[in-house]
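For reference, the structure is listed below as structure tokens.
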Amino acid sequence: MNLERNKRIAAFRKVSGYLLWFSMPLLVLTCLGGLLGIIGTLSVQTGNIDIHQSLLKVMDDPADFGKFIRPGLTIGSKVFFTLTLLALFVPIFYVVLHLQKLIQCFHDGNIFNARALFHARAAYKINLYLGIAWIVASFCILIYCFQFADGNLDRTLNWLWNTIVFFIELGFLSLILWALEIGTDLNEEAELTI
């Protein structure tokens, strides 16, 4: 029994070691992506595309947003999108950072302990708050689009789909966090009985 468990722990450590090699470049790319996005938004020439037009474009076709803003953004639009990108990338950075530290705990063999649980809870909470903020902000933009533009059904279906996907993801992450909490509790009880 102990031999089988040791083999699984060794395999777990090996896989988490591979994930560490992946998580560090992901952390760096997150930082670079955030900085380049903010610098890119600030460096767009000043023009007459306002926040209203920009929000409609973000809701309709975010993939072509870079091409859309090339003629130029108003100063207010630049400030709005810079602050929005900053508010988006800082939490994403902290989620990736806590996930990397969680993987480091796993690699060190600290699977069910308080330190690993702390990083898992922190990443979960930040992801939860960011997701809820994103859903609420998207809903507000959707309402804005209905008031000041045509009531596009595709926008509503897109928001609904993103909301459903978020709650499904939240359910899976909750199960994983609860399993980690239960494992940590059982591990602490086992250490107390020894």
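So what's the angle, to the nearest 10 degrees on a 0 to 90 scale, between helix 51-60 and the longest Cα principal axis of the chain?
60 degrees
Using alpha carbons only, how many degrees (0 to 90, rounded to 10) separate the axis of helix 2-43 from the longest principal axis of the chain?
The two axes meet at around 20 degrees.
Taking only the alpha-carbon positions of the chain and ignoring solvent, what does the Debye formula give for the base-10 log of I(q)/I(0) at q = 0.08, 0.09, 0.19 Å⁻¹?
-0.40, -0.49, -1.33
Tilt of helix 153-193 relative to the longest C-alpha principal axis of the chain, in degrees (0 to 90, nearest 10)?
Long axis of 153-193 versus the principal axis of the chain: about 20 degrees.
Using Cα pairs under 8 angstrom and six or more residues apart, how large is the relative contact order of the range 1-112, in percent?
On the way: 84 pairs, mean separation 48.0, N = 112.
Value for the range 1-112: 43 percent.
Given just the C-alpha atoms of the range 1-64, how large is their convex hull per residue in cubic angstrom? Provide the component values of the computation, followed by the final result.
On the way: hull volume 8.5 nm³, N = 64.
Once divided by residue count, the hull of the range 1-64 is 133 Å³.
Run the dipole for the range 1-135 about the Cα centre, Lys and Arg Cβ at +1, Asp and Glu Cβ at -1, nothing else charged, and hand back the magnitude in debye, nearest 20.
Details: 13 positive and 6 negative charges, 136 e Å.
Charge dipole, the range 1-135, about its Cα centre: 660 debye, nearest 20.
Could you work out the relative contact order of the range 113-181? I mean the mean sequence separation of Cα pairs under 8 Å and 6+ apart, divided by the number of residues, in percent. Please list the in-between numbers first.
Numbers: 20 pairs, mean separation 35.2, N = 69.
It rounds to 51 percent for the range 113-181.
Note down the net charge around His98, summing +1 for each Lys or Arg and -1 for each Asp or Glu among other residues with Cβ under 12 Å from its Cβ. Write out the running numbers ahead of the final one.
Numbers: positive: Lys101, Arg115, Arg121, Lys125; negative: none.
Combined, the nearby Lys, Arg, Asp and Glu give +4.
Is there a quick way to get the dipole size of the range 62-194? I mean about its Cα centre, with the Cβ of Lys and Arg at +1 and of Asp and Glu at -1; what is the value in debye to the nearest 20?
Working: 8 positive and 10 negative charges, 147 e Å.
Dipole size: approximately 700 debye.
Under 14 Å from the Cβ of Asn187, count the other residues' Cβ atoms, weight Lys and Arg +1, Asp and Glu -1, and hand me the total. Could the numbers behind the result be given before it?
On the way: positive: Arg5, Arg115; negative: Glu181, Asp185, Glu188, Glu189, Glu191.
Value of the local net charge: -3.
Throughout, read-outs are computed from the coordinates displayed, never taken from laboratory work. Computed from a predicted structure; not experimentally measured. We place every Cβ from the backbone using ideal geometry, glycine too, and count neighbours over all the protein chains shown.
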